[in-house]
Structures are given as C-alpha cells and as structure tokens.
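Engineer: Below: one structure in structure tokens.
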Amino acid sequence: MRHLKSVNKYFWKYKTRLLLGFVFIVLSNYFRILTPQISGYVVDKVEHSISQHTGNQNIQEKTRTAKYDMLVVQLINTIESANTSFGQNVILCGITLLVLAMLSGLFMFLMRQTIIVMSRHIEFDQKNEVFKHYQQLDTNFYKTHSTGDLMNRITEDVSRVRMYTGPAIMYLINLAATISFSLFFMFHENWRLTVYVLSPLPILAITIYLVNTIIHKKSEKIQALLSDLTTTAQESYSGIRVIKSFVQEKAMFGFFKKNSEDYKRNAIGLAKVEAIYFPAMALLIGLSNLLTIGIGGMYLIHHQYNVTAGTIIEFVIYINMLTFPVSAIGWTASMIQRASASQKRLNEFLQTTPEIKNSSVEQSSRLKGDIVFDNITFTYPHTGITALQNFNLTIKEGEKILLLGRTGSGKSTIAQLLLHFYNPTKGKITIGGNDIQTIALQDLREQISYVPQDVFLFSDSVESNISFGLQGSTTHETVEQAASFASVHKEILRFDKQYETLIGERGVTLSGGQKQRISIARALIKDPEIVVFDDCLSAVDAKTENEIVNNLDKFLHDKTAIIITHRIFSSFRFNKIVVLEDGMISEEGTHEKLLELNGYYAELYRLQLTESSSAPETENLID
Ligand code: ADP
Ligand code: MG
C-alpha cells in the first residue's frame, strides 16, 4: 500500500473532482437508503387498512415514523395531510419512490463523471511522466531493460494504477457510505434483528476475498502465458524467412500449440473458479434474506420488539442494497493489491536517475576548436568489457580523420563517448578546451552529426526521416540537396511517391545501402560543425561509395570529420589515419606514412586493391 502514496500528488492536483465525487456518492446513497423506509411505510399502511376491513383489532397502527429519516417523515406527513383516499396515498408513495430512485441515479451518474474522469486524467499525467522519464534515461538503461518490460510499464502498469485511482476509490467510498447509512437505520429500527440478519455477511466478504485471491493468482499466470504466446507469435512473424529457409514451420507450430494449450488449460481452470463465485454469493445473500423473514416473522407473530410486516420488507431491501458493496470488497482489495505492485514497479523506474546528467552550465556556443581524447580508458558498466585503453588522440579543427580497425577494436565506442552517451572511466574528452561533461547535452548533440552503425529509420515518409528533428525549419529543396549529397536522390525519385514514400513495415522495403544513405542525408542536413560517420558505408557498393566520398569532400571542407570504417577510401585525402587494435592505437599517420610502415593498413590496402580488380561488389539487401 505504501507504494501508492506516490499517486497522492495527483489526488491533490484533482482535489476538487475528488471532493465533488465524494459528495455525489454520499448523496446518491442517501436518496437510495430512503426507499426501504417508504416501502416499509406503505406495507404497514396496507396491513393496517386490511386489519380495519377484517375487524382484526390485534394489529394496531404503530407510530413507526419516528424511526424514519427526517426527510422521509416530512414526505409522509405531506402525503398524509393531503387528505386523499388510501389508494391515492399509495400512488403518491409510489411516485415518491420513483423520484428518489431518479435522484439517486442522477448522483450516481455524476459520481462516475467526476471520479472515473479524474482517474483518466491521472492516467494521462502518469503516462506522460513515465514517457518523459524514458526520454531522459541514457543508453546504458536501455541496454539493461527489455523493450517488452519498458512497454509494459507505460501501458499495463499505468492502467492498473488507474483501477485504483478510479473504480477502487469509488467503490470504497460507496461501500463506506452504503454500509454506514444502512447500518445506522437498521440498528435504529431494530438492533436485534440487525445482528441476526447481518451474521452471514462477514462470511460472504471473506469467501469473496479468498476466491478473489485464487482468481487473481490464476489470472496473473494466464497473463504471463499470454505474454509468452504473443512473444512466440511475434518472433515467428519477424523471423518468418529464417523459419521457412530452415523448414522449421512444423516445429514452430508445435511450439506455439504447446504454449497455446497451456494457456487454454489455465483459462479453463479460471473459468471453473469464477463459476463458483456467483452461486456462493447468491447462497449467502439468500441466507440473510431467509433470516430476515424467519426471525422477523417470529417477532411479528409474537408481537415482539415492535416488528411489523413493514420492518421485514425494509430489512430485506437493506440486505439487498448491501450485497453489491460487500461483494465489491474482495475485488476492490485485489485491485488495490495489483495497483500497489504496479506502482512499485513504476516507482523503481521513476527513481532511476540517468548516469549522464545534463551539465548545469548553460552554454549555447558553437562547438569550435580541437577535439582532444586525453588518455581515455573505458569499461562498459554491465559487461565489464574494457573497450578503450589509454586512448590519446588530438583532432585539430577542420581535420578529417579515418578511424580503422577490426570489429570489436573500439571504434564505435569512441564515437559514443564523443556524443557523451557514456562517461569515460578514466581521462577526459575536450572540445576547444572545454570538457564535454560541462557542455549541455543538447548543444553537444545538436552540433555533432552522428550516423550510427546500426541505422534506424522511423515508419514515416522519406522526407520526414531526412528532416528529422528539423521539421518546419527546412525546405524540400534542402532535403533534396542532402539526399543528393548522400547519393540517394535518384533512387528516391524512382519510388512511386518519391519523397512522400513511406518507409518501414507498411511501406517500402529499403536495401541496407539505401537505409544507410538516407541516414547520411539526415546527418548532413543538420549542417553541423563536427561529423561522425560510424561504418555507414558498409552496405554501399564501391561505385556509390566513391561518389559519396567525393561529395563529402565538397561538403566537409570546413568541418571536422571522424569517419569510421573497416575499408580504406584511397580517393579521399585524410589528414590522419588511426588504426585501432584492442582499444589501443596501433598505427597512426598519413596514407603514405602508413603504407611505408607496412603494417595492418598496408596489408588491408593491398588486399582491397586486388579485391576491387577481381570481384565487383554488390549492394547487399538488408531490411
Ligand atoms: P567496433 O565498433 O570497433 O566494432 P565497439 O566499440 O563496438 O567496436 O566494441 C568494442 C568492445 O566493446 C567490444 O569488445 C564489444 O563487445 C564491447 N561493447 C560494445 N558495445 C557494448 C555495450 N553496449 N555493452 C558492453 N560491451 C560493449
Ligand atoms: Mg562498430
């Protein structure tokens, strides 16, 4: 329960609604609780009238009105003073009952309008709070949490908390109001009868609570099984090509069938438990009714404790009014339990703070000057892999650097450290003498155009993908120009809808090279000070690669550039070439110097020369 404390701030925010809701619940219950009294009065009247006709003097008209609510007493007085016939009196009582029911209904409508609407507002706020927090967390957090888990928090958990802020709160207040009103009038009327009549209700509440706990456990299990089932289905859709090419359709179906069967078995088990629920409830309520009529009837026959037929009717109606709220105790309790567990998960998540914090110094300057990697050592937090060791590199403003090395040598790590996705374990990175930890993240990232190794495009049009982050401040011409620089313009024109073509699952399937070039266009359109390309030409054929590199020559003339690759671009004059090996620099210098050195670079160069003269490269299709 204590976890739910953190939603109190929302209750405070919507306090007017909550308070109004509370008032409406009380009013709705008040008007409802008057009906048994009027019904009882009518029955007594009828009984009295019959006894007068039959001359039975045993039954005397009792002045029970004293025990009724003030409003009821007044209504009865008004009806009686109208001096109408007996029949008309009864009709007037009927109309009063109808009006009371309508008033109660009106306030019930208003109570849902305030409390349930409030819970939707809270849900909206909470979703935004969670999403905002997601955006602040750094790459490290995303590496250690699965997408499914993250999705669950913003959907499932938030909606479970809503069950608490809406229905659960509403039923609890309603329960308290109904129970206090009816108990008050019942005890007032006849405390003995009340004690007998209510004796089965605690058993009802306990039974319902126990059955609910079983139902809750079973549905949790079913939820987990369902999640397994969807994961299996989802994986087989996305991996359908692998499944088909390895002829594993049958095996996959068997796997799915097994999951599906588990799910079915558990769901049937749940249905069985649920089937007990309502009969058990009906049994216990029936018992209460039976006690009312039995014991009340005995008192009536023996003229004890002032019981009339009207009293019995009144009590039967009270009992039936109580059953719904009492049966709601069980599921309100389990709703609150679930909400509490969900809020706990949300709190845990909301309390994680990003390791990379935005610098408190608000700088808004252009990134100028040399980039210096000063003795950087970096170990990935969760795996303990040391990706860089005592890495030193100075890149003068405007220089173009080629970073070369085998997979796993630490190239991408350098790019990510420069963008401040992680803090270096040792050493520091400075730009123009400023430690990047003191530069506001927005300033830093806005001015570095980074094309990551694993390109990501949104399910949106080509144009929106290229102008991502600059929407509204670019023209179609600039988008086309960026696409031309990235050598993808001509291909886009060949699509049916050209720049409006949708990319992704429901749009066109792009080749790996096309995706890479669209992301390059997205980076170029930013017109940044610094460019970092991480292996983003790997799926592009040699001819296009040459074209892009030549375009870059024009585009990059005054910019600082770090080009990461596992291939050599001999047509481009880099100021410096750095070869990485196991997180350390193994070779460093100009093209000529490195050829002279006759190491990894020279070997790669010779290999590439023979390769390009023998085998034509093709653009491989990745999607
Ligand atoms: P490259 O880009 O040269 O292929 P990386 O910089 O990606 O090399 O990787 C360097 C080393 O760091 C590798 O051993 C790799 O396994 C490890 N590594 C890369 N990314 C992560 C990560 N997010 N978490 C843990 N280890 C990582
Ligand atoms: Mg890499």
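Engineer: Let me know the volume per residue of the alpha-carbon convex hull for the chain, in Å³.
Structural biologist: It is 227 Å³ per residue.
Engineer: Starting from the Cα of Lys428, draw a straight line to each of the aspartates and glutamates and keep only those under 12 Å, dropping any in the same chain fewer than 8 residues away.
Structural biologist: By straight Cα distance, Lys428 reaches Asp374.
Engineer: Taking Cα atoms, how many degrees apart are the long axis of helix 542-555 and the longest axis of the chain, rounded to 10 and kept between 0 and 90?
Structural biologist: Rounded to the nearest ten degrees, it is 90.
Engineer: Quick check: the angle from helix 600-614's long axis to the longest principal axis of the chain, C-alpha only, nearest 10 degrees?
Structural biologist: That helix lies at roughly 90 degrees to the long axis.
Engineer: Another question, then. For n ≥ 4 DSSP H runs only, could you compute -39500 (n - 2.57) per run for the chain, divide by its residues and tell me the 222 nm figure to the nearest 500? Each step should come with its number before you reach the end.
Structural biologist: Numbers: 21 runs with 382 residues, N = 623.
Roughly -21000 deg cm²/dmol at 222 nm, from the helical runs in the chain.
Engineer: Cα to Cα, under 25 Å, and not fewer than 8 places away if on the same chain: which lysines meet these conditions relative to Lys13?
Structural biologist: Lys5, Lys127, Lys132, Lys344
Engineer: Could you please put Leu210, Leu4 in sequence from largest to smallest accessible area, using a 1.4 Å probe?
Structural biologist: Descending accessible area places them as Leu210, Leu4.
Engineer: Using Cα-only point scatterers and the Debye equation, what is log10 of I(q)/I(0) for region 108-256 at each q in 0.15, 0.20 Å⁻¹, rounded to two decimals?
Structural biologist: -1.05, -1.25
Engineer: Rounded to a whole number, what % of the accessible area of region 2-350 do carbon and sulfur atoms account for, probe 1.4 Å?
Structural biologist: 67 percent
Engineer: Then there's this: Report, largest value first, the span of the C-alpha coordinates of region 401-453 along each principal axis, in whole Å.
Structural biologist: Taking max minus min along each principal axis of the Cα atoms, region 401-453 gives 32, 25, 19 Å.
Engineer: In region 2-350, if the dipole is taken from +1 on Lys/Arg beta carbons and -1 on Asp/Glu beta carbons about the Cα centre, which of Asn140, Leu291, Gly330 is farthest to the positive end?
Structural biologist: In region 2-350, that residue is Asn140.
Engineer: Turning to a different aspect of this structure: I'd like the Kirkwood hydrodynamic radius of region 528-575, using the inverse of the mean 1/r over distinct C-alpha pairs, in Å.
Structural biologist: Values: mean 1/r = 0.0893 Å⁻¹.
Kirkwood hydrodynamic radius for region 528-575: 11.2 Å.
Engineer: Using only the heavy atoms of the protein chains and a 1.4 Å probe, how would Thr16, Thr560 rank by accessible area, largest first? Could the numbers behind the result be given before it?
Structural biologist: On the way: Thr16 100, Thr560 10 Å².
Descending order: Thr16, Thr560.
Engineer: Let me ask another. Using amide H atoms built in the peptide plane, which far-off residues or other-chain residues are under 5 Å from Glu581 H to H?
Structural biologist: It is Ser586, by chain and number.
Engineer: Another question about this same structure. With θ set to phi - 60°, apply the Karplus curve 6.51 cos²θ - 1.76 cosθ + 1.60 along region 96-106 and write out the HN-Hα couplings as whole Hz, x wherever there is a Gly or Pro.
Structural biologist: After applying 6.51 cos²θ - 1.76 cosθ + 1.60, I find 4, 4, 4, 5, 4, 4, 5, 4, 4, x, 4 Hz.
Engineer: Still on this structure: ³J(HN,Hα) across region 302-310 via Karplus (A = 6.51, B = -1.76, C = 1.60, θ = phi - 60°), whole Hz, x for Gly/Pro?
Structural biologist: Per residue, the Karplus-derived 3J(HN,Hα) values read 8, 6, 9, 6, 6, 8, 10, 4, x Hz.
Engineer: Please give me, ordered by residue number, the trypsin sites (Lys or Arg not before Pro) of region 428-520 that lie in loop per DSSP and have at most 13 other Cβ atoms within 10 Å.
Structural biologist: Those that pass, being in a loop and sparsely packed, are Lys497, Arg506.
Engineer: At 25 °C and 0.890 mPa s, grab the translational diffusion coefficient of region 2-350 from Stokes-Einstein with a Kirkwood Rh over Cα pairs, rounded to a whole number in µm² per second.
Structural biologist: Value of D from the Cα-based Kirkwood radius: 100 µm²/s.
Engineer: While we're looking at this one, here's another question. Mind checking the per residue accessible area of region 200-305 for me, 1.4 Å probe, whole number of Å²?
Structural biologist: Details: 7110 Å² over 106 residues.
Heavy-atom accessible area per residue stands at 67 Å².
Engineer: What number do you get for region 449-563 when its Cα radius of gyration is normalised by 2.2 N^0.38 Å, N = residues?
Structural biologist: With N residues counted in region 449-563, Rg over 2.2 N^0.38 Å equals 0.98.
Engineer: Is there a pair in Lys143/Lys526; Lys411/Lys593; Lys221/Lys244; Lys396/Lys526 whose C-alpha atoms are over 24 Å apart, and which pairs would that be?
Structural biologist: Numbers: Lys143/Lys526 27 Å; Lys411/Lys593 21 Å; Lys221/Lys244 32 Å; Lys396/Lys526 21 Å.
Correct reply: Lys143/Lys526; Lys221/Lys244.
Engineer: In what order, largest first, do Leu388, Leu198, Leu92 sit by accessible area if the probe radius is 1.4 Å?
Structural biologist: Leu92, Leu198, Leu388
Engineer: Okay, next question. Determine the dipole magnitude for region 34-185: charges of +1 sit on the beta-carbon of Lys and Arg, -1 on that of Asp and Glu, nothing else is charged, the reference point is the Cα centre, and the result goes in debye to the nearest 20.
Structural biologist: It comes to approximately 120 debye.
Engineer: Same structure again: At 1.4 Å probe size, with no ligands or nucleic acids counted, give the accessible surface of His188 in Å², nearest ten.
Structural biologist: Answer for His188: close to 90 Å² accessible.
Engineer: Using a cut-off of 27 Å between alpha-carbon atoms, which lysines can reach Lys67, once sequence neighbours fewer than 8 places away in the same chain are excluded?
Structural biologist: Within reach: Lys45.
Engineer: Take the Cα atoms of region 457-518, find their three principal axes, and give me the spread along each one in whole Å, biggest first.
Structural biologist: 28, 20, 20
Engineer: A further question follows. At q = 0.15, 0.20 Å⁻¹, what base-10 log of I(q)/I(0) does the Debye formula yield for region 1-51 when every alpha carbon is treated as an equal point scatterer in vacuo?
Structural biologist: Per q value, in the given order, log10 I(q)/I(0) is -0.62, -0.78.
Engineer: Turning to a different aspect of this structure: Quick query: amide H of Ile562 versus all other amide H atoms, modeled in the peptide plane; which residues come in under 5 Å with a sequence gap of 5 or more or a different chain?
Structural biologist: Those qualifying (amide H under 5 Å, at least 5 residues apart or on another chain) are Ile401, Val531, Val532, Phe533.
Engineer: From the phi angles alone, apply the Karplus equation (6.51, -1.76, 1.60; θ = phi - 60°) to region 246-252 and give each ³J(HN,Hα) in whole Hz, x where the residue is Gly or Pro.
Structural biologist: With the stated coefficients, region 246-252 comes to 9, 6, 10, 4, 5, 4, 5 Hz.
The values are calculated or read from the model by the stated rules, or taken from the named source; none is laboratory data. Keep in mind the model is a prediction, meaning the values are calculated, not measured. Cβ: placed from backbone, ideal geometry, glycine included. Neighbour counts: every protein chain shown. These area figures cover heavy atoms from the full protein model, side chains too; ligands, DNA and RNA do not enter into them. Shrake-Rupley method; radii C 1.70, N 1.55, O 1.52, S 1.80 Å.
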